[in-house]
Structure formats: structure tokens, C-alpha cells
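First up is the structure itself, then whatever we jot down about it.
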Amino acid sequence: MLPLLILQIFLFPMTANLIMNNWVNSRRTLALQDVAGHLAGAMQQLYFSLNHASVPAENVSYAPETPPLIEDNPFMANGTLQQLSGPGLNSSKGILLTVKLMGTSNSVTTTVVLGPNIIWNPSVFLSNSTDAVINAQKFNDGTILLQFEG
């Protein structure tokens, strides 16, 4: 009987720790998915707002309302331009957006679907930067440059 009690003394805390770590990682991942969705939506809105023939060449910046920290850790986002394929995408391009919680192993990815006239300047969005923005610049030829600044 004594070996069973000793086993329970070690087994219970280890199991509780494992369950708590799983729960914390799930909560962090959900918060990162929320942030990634917000950033992706903001990028799409900037693109589609400028991607109309009636809009002249101009430069627009948007400071997304994302939290500076998730559980006391800043996060960073970066993107990669991709050629998208599939039904209804018609040579569209997209940005594979990766959001990572710094100091942890938590990260999420999402794809921002945009049009064929997009240019992406590889850049990083840092959540704890006071001047972090998404910048969209429309040129006279109709191409739109997206990038993070700050």
C-alpha cells in the first residue's frame, strides 16, 4: 500500500502540471488567433479600400487595436507573399501571416487573400511598439504596397 501512496504523491502533481500547461498553451493560441485575424482583416480592408479605380495614388497607415501583450509577452507578426491557386482565386496573391508569442513556443498562421496587384515588403509588426502600423501605398500604375512599420 505504501508504494501506491508514494506513486500518487508524484503522479498527481505531474498530471496537474501537464493539464495546466496544456490549458495555458491553448489559451495563448486562441489569443494569437484573434490577433492574427484582426491583423489579416485590417490588411484586407486597407487593400480593398485602395484597390478601386476611383481612388488616386496615396499612402494610408492604420494602427490596429491589438493588445501590446498577451499574458505579459509581446508578440510579433511577419508575412510572406504567396501566389494563390484554387477555384475562384484567378491569379490572386496572398500574404501568409505568422504571429508568434515571444518567449513561448506559441505561434499561428493565417492567409490574407488579396489581388494580383499586391506587393509585400517583408517587415515585422511588434506588438509592444508604440508606433506599429500597417502601411498601404497605392502607386499610379495601380499596384499596392503593404508593409508593417514602426
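Quick check on the stretch 93-150: take the gyration tensor over C-alpha atoms, sort the square-rooted eigenvalues as a ≥ b ≥ c, and tell me if it's rounded (a/c under 1.5), prolate or oblate. In terms of gyration-tensor shape, oblate. Full extension of the chain segment joining N140 with E65 gains 24.0 nm, where the gain is 0.36 nm per residue of separation less the Cα-Cα distance.
Assuming charge only on the beta carbon of Lys and Arg (+1) and of Asp and Glu (-1), the dipole of the stretch 2-149 about its Cα centre is about 360 debye to the nearest 20. The sum of -39500 (n - 2.57) across all DSSP H runs of n ≥ 4, divided by the residue count of the chain, sets its helix-only mean residue ellipticity at 222 nm to -12000 deg cm²/dmol. Computed from Cα atoms, the angle from the helix 2-50 axis to the main principal axis of the chain rounds to 10 degrees. FRET efficiency for the Q83 to T29 pair, using the beta carbon distance and R₀ = 25 Å, is estimated at 0.35. Size descriptors for the stretch 2-149, from the alpha-carbon set: Rg then Dmax equal 20.7, 81 Å.
Taken together, the values in this text are just the output of simple stated rules run on the coordinates, not laboratory data. Because the structure is predicted, anything quoted here is derived from the model rather than measured. Please note: Cβ atoms are built from the backbone with ideal geometry, for glycine as well, and neighbour counts cover all protein chains shown.
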